Every structure is written in structure tokens, then in C-alpha cells.
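Read through the structure below, which is laid out as C-alpha cells, and then see the notes.
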């Protein structure tokens, strides 16, 4: 059992990460400005409220908690949800504060969250990648403060890895559009609409290139990453996404409708293929996403990708059910 400190543990992703790590047998210390009700904390987890930007606070927490690993999730999580300068300052300062404090405290494993938005899709000036699917070799071209702040978080991680060598292990991960367990049951997503609406109207998911990931799969990825960090090259960055697209039509047909000039690039995204590849996590870690909208969504709309979808949904038990 490891002691794992998770910043942003009360957030949409953080709650599932805390729960997943605790269920895996770790002692989890959740740190956030806001606390969740004590009854919602899983066994094996504790929480502390703190302002990680207050001078010395992050280091004090690291020294008091003496964790074996730190997972940094705390940040302003939605682009344009605050003034651009506030998003940039808050997210970059948080990343530096937490990673530098964990490094100074000698925490052996340090992981920071990034975002697929670092690639720059959705730019009002236009954007096309070199190829699909997108992966860790795709050139980042951030065009807003949120995306830039996440790229700087990755570079902050790499800076510390370069300075520390293999004495401390570092990594970053880019989770796709995070779906929390309650959202499969109909709760609004961070964009305000439901997942059923997102599937029914491709224009809602198109800005994110139809990417998504179940928050519990992210927790599973992080638990495996922490196990394998000593055995992989230091300072790695990973995409973490579902094995399919959040769409009822092939992306080879959908993406060109919303991304002018992409028909040739997207031609390989047939069937249920997603726009983001997680092959690096498969190869280096042996991780595989296990949850899709086809197995998790309550009352999903039939997909023309599978003429037998309604029967498959029924067999998978995706009708009315208890919240996971």
C-alpha cells in the first residue's frame, strides 16, 4: 500500500481518482480548496482543505503527509471559464508550486495532469494536424491560456526530470473529455448538456474531436502508471482516452463536416476509431481503457455503427440501473 497525495481531489476527475486509488488499497490524501462531504470519502482516504498557492503551503503539506507519490490535478479545469490571465497564472503557478514542493520534499513519484487541448484544435485561425489519429508526437499548437498553461505544466515536469535524473520519477498525462460516473446517468457534463445530447447532436462533441474518457479509467491508468514508473523512461507524457469515439457515426465521415480540409487526414478513422491514440500507454504500461459509452450510458441512442446496438445495450445492462 502506498501513500498517495492527490491535489484537486474534490473535482470531477479527482473524486474518481481518489475513489479508485483507495479501492486499490492505497492510503489517499485528497487536497483541495473545497471539501466533499465526509460520507462521500472512500475508506482509506482523508482530505485536507488548503490554498496551494499560499506561500509555503504546498511544501508544508508534502512534509506533513510524507507521500510515496503525488498526482497533481488541481487547476482551473475549463477553458474561458475565467479571464485568460487568471487561468494562465493560476494553472502555471499551481503546477510549479506542487511539483517543486514535491521535489523538494523528496517524493519519489510525481505526476501532473495536462490536456489534449495543448494540440490546438478549435483555433479560430484554423487548425489541421499532420495526421490522424493524434498522439504524443503531434505538434502542440496551443491558442488559448488554458491550453498554454497545460503545455507549461508538462514542460515544468520535464524541467524537474532533467534536473533530478532518475532520483525522482516524473510523468504527465492528457485525459480526454472526462466523464464522471453520474454523467452516465444523465447529470450535465462540464459543458452544460448531457451525454445523450452530445451523442444526438455531433456539433456538441465536434469541438473536442469527439474524444472522451471515463473518469474511472483515468484512475485505473494512474494506479498502473505509479506501478510502472520505475520501469519506463523518465518524464513521459501520455494521452488517456476511451477506445472509441463519442459518436454514432465514423469519424471519417463526421470530422470533415466540422474541420474543413480534413477529409484525407480523417479517412483512416473508420468504424468506431477515436481521433486520439492511446497506443503509447498500451505499449509502455499495458493499460487499456475498459469503459465506453456503449457499456456505460443509461438509455443510449442506437448507433448506426452497429445494427444490433439495441440488443447489445440490453445485454450489457445499460438500461435503468443504480449509480456506480
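The numbers here are math on the coordinates, done by the rules we state, and not lab data. A quick note: this is a predicted structure, and the numbers were derived from the prediction, not measured. Virtual Cβ from ideal backbone geometry, glycine too; neighbours counted across all protein chains shown.
Note on the chain: with a GNM built from Cα contacts shorter than 10 Å, the maximum mean-square fluctuation among 277, 81, 30 falls on 81. Helix 12-23 and the long axis of the chain differ in direction by around 70°, with both axes built from C-alpha atoms.
Shape class for the range 131-199, computed from the alpha carbon gyration tensor (a ≥ b ≥ c): prolate, with a/c not under 1.5 and a/b above b/c. Which angle from 0 to 90°, rounded to the nearest 10, does the C-alpha axis of helix 145-164 make with the longest principal axis of the chain? Approximately 50 degrees, to the nearest ten. If you run the Gaussian network model on the chain, springs between alpha carbon atoms under 10 Å, then out of 32, 51, 214 the most flexible one is 51. Between the beta carbons of residue 128 and residue 167, assuming R0 = 35 Å, the FRET efficiency works out to 0.30 to the nearest 0.05. Could you give the angle, 0 to 90 degrees to the nearest 10, between helix 84-104's Cα long axis and the longest principal axis of the Cα atoms of the chain? Between the helix axis and the principal axis of the chain, the angle is about 50 degrees. The modelled label-to-label distance between residue 279 and residue 253, using points 7 Å beyond Cα along the C-beta direction, is 2.5 nm.
Counting only Cα atoms, the size of the range 117-251 along its three principal axes is 49, 36, 25 Å, in decreasing order. Listed by Cβ neighbour count within 10 Å, with the fewest neighbours leading, 2, 115 appear as 2, 115.
The Cα atoms of the range 1-115 give a gyration tensor whose axes a ≥ b ≥ c have a/c of 1.5 or more with a/b no greater than b/c, which makes the shape oblate. Is the range 182-230 rounded, prolate or oblate when judged by the Cα gyration tensor, a ≥ b ≥ c being the square roots of its eigenvalues, rounded requiring a/c under 1.5 and prolate requiring a/b larger than b/c? It is prolate, given that a/c is not under 1.5 and a/b is the larger ratio. The length gained by stretching the chain between residue 270 and residue 50 to full extension, at 0.36 nm per residue less their Cα-Cα distance, is 74.6 nm.
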